[in-house]
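The values are calculated or read from the model by the stated rules, or taken from the named source; none is laboratory data. Please read these numbers as outputs of a predicted model, since none were measured by experiment. When we count neighbours, we look across all protein chains shown, and the Cβ atoms used for this are built from the backbone with ideal geometry, even at glycine.
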Amino acid sequence: MDAHNEHAHEGVNYDGIVGPAVALGFAVFIFAISFGVLCVNAGGSVPKAMTMSLLVFTGASQFSAVSVIAAGGTAVSAVVGALLLGSRNAIYGVAVAPWLPGSLKYRVAAAQFTIDETTGMTLVQNSPERKRRAFWVTAASIYGFWNVGTLIGALVGNSFDTQKYGLDVAFPAAFVAMVAPLLATRKAQLAGIGGAVVCLATTPFVPIGAPIVMSAVVALIALVPTQRKSRRS
Amino acid sequence: MSWTVVLVLSLGAFALKVFGFVIIGDRKFPPQVEAVIALIPAALLCALIMKDTFTAGHDLQIDARAVGLIVAVLGVWRKVPIWLVIVLACVATGITRAIS
């Protein structure tokens, strides 16, 4: 899946693309190692962890699925929760598609790399040419770091007693790091609080894993019109 | 973690990406749909944090994991590098378990 061969053009300015792309890659690398460790400890294996990272390739979803399985949740709730988390990649696809025109094959390939980091890096560039380059440079960096990190984590994962070293907390710690940048708006904060409340309130009563899926309902508050003044006052 | 889960997730995640990028492509999602989808990660990630910290099966419980969560939240808030946040959170929980 080489990223078309257009990186090699002469006179292209990579300033402000390669540096941030590598920095993002390094951050992702840490998540990837954690993912590999947690995946093999949740009854996964090196091939399963690698298949996830090579094919699923969207971190939060992978963590979510493994987290639900590790807790004893059903396969259905693991998959549905993970796919709900992955639905944002569809929005990202719409956002970056205008900057990545090409054949059907090219666009299907680009779609696989359309995730948080590549979308963010693409949209902040100021010219179509730089947007396209930023997308592919970031894709290469993240894909490389993500899969190498997963492999390292999966290979060493079985030698850890995850409980003893507190490694099970790598799940919530990683989720805290992932969610923090999302909580910039009032509605996102409300969605976060709502999701947390739904999870805790339903856990005793529904199948393990189902609270994660159910928490997505809170996102419907997006449809409530925002208003500056309270209606009642 | 069965192969079925791995493969269904692989196909589903790819399908979502292709749906946005290729099928919808240059057109737009209805703004309401986009707004709802945009809020899903905040809700789900916070739900996952609660599940991974405060639940064990169907039970709610507060244990050594809560210490790790507090450390993680403080670390992210103080803009500590992500790798260090994860390491510190795990160490904090590990130590708490060891001494309790």
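For the reader, a short list of remarks on this structure follows.
- Filter result for B:D59 (surrounded by fewer than 17 Cβ atoms within 10 Å (Cβ to Cβ), over 12 Å from the mean Cα position of the chain (by Cα) and within 27 Å of A:D168 (Cα to Cα)): yes
- Check on B:I95, surrounded by 15 or more Cβ atoms within 10 Å (Cβ to Cβ), in a helix (DSSP H, G or I) and more than 7 Å from chain A (Cβ to nearest Cβ): yes
- Restricting attention to the stretch A:169-210, the residues that are part of a helix (DSSP H, G or I) and more than 8 Å from chain B (Cβ to nearest Cβ) total 7.
For (1) within 25 Å of A:A180 (Cβ to Cβ); (2) touching a residue at least 24 places away in the same chain (Cβ under 8 Å), each residue gets a yes or a no:
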residue: B:G25; (1), (2): no, no
residue: B:F29; (1), (2): no, no
residue: B:E34; (1), (2): yes, no
residue: B:I40; (1), (2): yes, no
residue: B:K51; (1), (2): yes, no
residue: B:L60; (1), (2): yes, no
residue: B:A64; (1), (2): yes, yes
residue: B:I70; (1), (2): yes, no
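- Subset tally (residues that are more than 21 Å from A:V169 (Cα to Cα) and either touching a residue at least 60 places away in the same chain (Cβ under 8 Å) or not assigned by TED's automatic domain parsing to the domain that holds A:G86 (or both)) for the stretch A:53-73: 2
- Among the residues examined, A:T162 qualifies as in contact with a helix residue (DSSP H, G or I) (Cβ under 9 Å, 6 or more places away or on another chain) and more than 17 Å from A:M52 (Cα to Cα).
- Test: A:A32 is modelled with pLDDT under 95, among the small types (G, A, S), part of a helix (DSSP H, G or I) and within 16 Å of the chain's Cα centre (by Cα): yes
- For the stretch A:46-65, the count of residues that are in contact with a helix residue (DSSP H, G or I) (Cβ under 9 Å, 6 or more places away or on another chain) and at positive phi is at least one.
- Criterion: at pLDDT 95 or above, surrounded by 18 or more Cβ atoms within 10 Å (Cβ to Cβ) and of a type in the set (A, V, I, L, M) - qualifying residue of A:A70, A:A111, A:A90, A:A60: A:A111
- Counting only helices (runs of 4 or more DSSP H) wholly contained in the stretch A:49-133, the ones carrying 2 or more residues that are within 15 Å of A:C39 (Cβ to Cβ) occupy A:59-70, A:75-86.
- Residue in the stretch B:27-44 that is more than 7 Å from chain A (Cβ to nearest Cβ), part of a helix (DSSP H, G or I) and either buried (at least 24 other Cβ atoms within 10 Å of the Cβ) or aromatic (F, W, Y) (or both) present: no
- So B:G75, is it part of a helix (DSSP H, G or I), modelled with pLDDT of 95 or more, closer than 30 Å to A:A23 by Cβ and more than 7 Å from chain A (Cβ to nearest Cβ): yes
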